[in-house]
Amino acid sequence: MPKFLKISLWIGMAFLYLPIISLIIYSFNASRRGNIWGGFSTHWYGELFQDEQILNAAWISLKIAVFSASGATVLGVMAAIVLVRFGRFRGRALFSGMVSAPLVMPEVITGISLLLLFISAEQIFGWPAGRGVLTVTLAHITFCTAFVIVVIQPRLVDLDRSLEEASRDLGAGPATTFFLITLPLIVPALASSWLLAFILSFDDLVIASFTSGPGATTLPMLIFSKVKIAVSPDVNALATLIILIVGIGLCVAMLGLRKGKK
């Protein structure tokens, strides 16, 4: 590798990871002020697990992310099958543009649109009653479905159709062929799209701020409200634990891919 590329690589790595390293270091800061080093301490990790507000927000975010990722994966697979397997049909261009719109639309616009939709639906139908976990979940499903389609659609395009045709020739119906042939072949793409939707939902702040209500404060919303004044060490500890969980997940995924290749 040329020297210039090596230097550029190290600069890029430092730009990405030095802030994360500094955050991890300051999570062990004994001082209450996050920007002043007061010695090594694990006190804030203990405080973190005793903070009911943070634990409740984390539990709400986890529930919303799981349901949003699952719902978005189901809808994304259905939409991807329609776009790949049904060829050209009336309204295909409009449908394709609508499912891809959340990818390019600013989150502020998406949040305001969904908020107005929920308010209008409540006034006309009486459902959903107020804003809360349900409205945030529905909003995240709408937002994440487009990303699921982007992951699933190329996998369906590259899929060997002869396997499905052989299954149909042997007497299997469309549903049996899908669940026994198609679905197992796209499992890696399903897992990737579910994890992507989970992270997008768990990390979202803007859309959740517009569509949430009392008792539905997510973890990003709580952290954002805390750092408006100053970054406290318990927030650094929380971020460090999230980084640790993500790192463990990546290691497990890499080991699984290596075993699969062998």
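What follows is calculated from the coordinates using simple rules that are stated; it is not laboratory data. Not measured: the values here are computed from a predicted model. Backbone-built Cβ (ideal geometry, glycine too); neighbour counts: all protein chains shown.
Rank by packing, highest mean first: peptides 190-197, 121-128, with packing defined as the count of other Cβ atoms within 10 Å averaged across residues.
190-197, 121-128
In which sequence would H43, H140 go, from the one with the fewest C-beta neighbours within 10 Å to the one with the most?
Least crowded to most crowded, the residues run H43, H140.
Which ordering of E107, E165 is given by a fewest-first count of other beta-carbon atoms within 10 Å? Intermediate values should be presented prior to the final figure.
Working: E107 16, E165 12.
Least crowded to most crowded, the residues run E165, E107.
Which helices pass in the chain if a helix is a full DSSP H run, must span at least 20 angstrom along its long axis by Cα, and must have mean Kyte-Doolittle hydropathy not below -1.0?
3-26, 52-85, 107-125, 133-158, 187-203, 233-261
Considering every Cα-Cα pair within the stretch 58-222, what fraction, in whole percent, is farther apart than 18 Å?
Everything past 18 Å amounts to 63 percent.
Sort F224, F198, F67 so the one with the fewest other Cβ atoms within 10 Å of its own Cβ comes first.
Fewest-to-most ranking of F224, F198, F67: F224, F67, F198.
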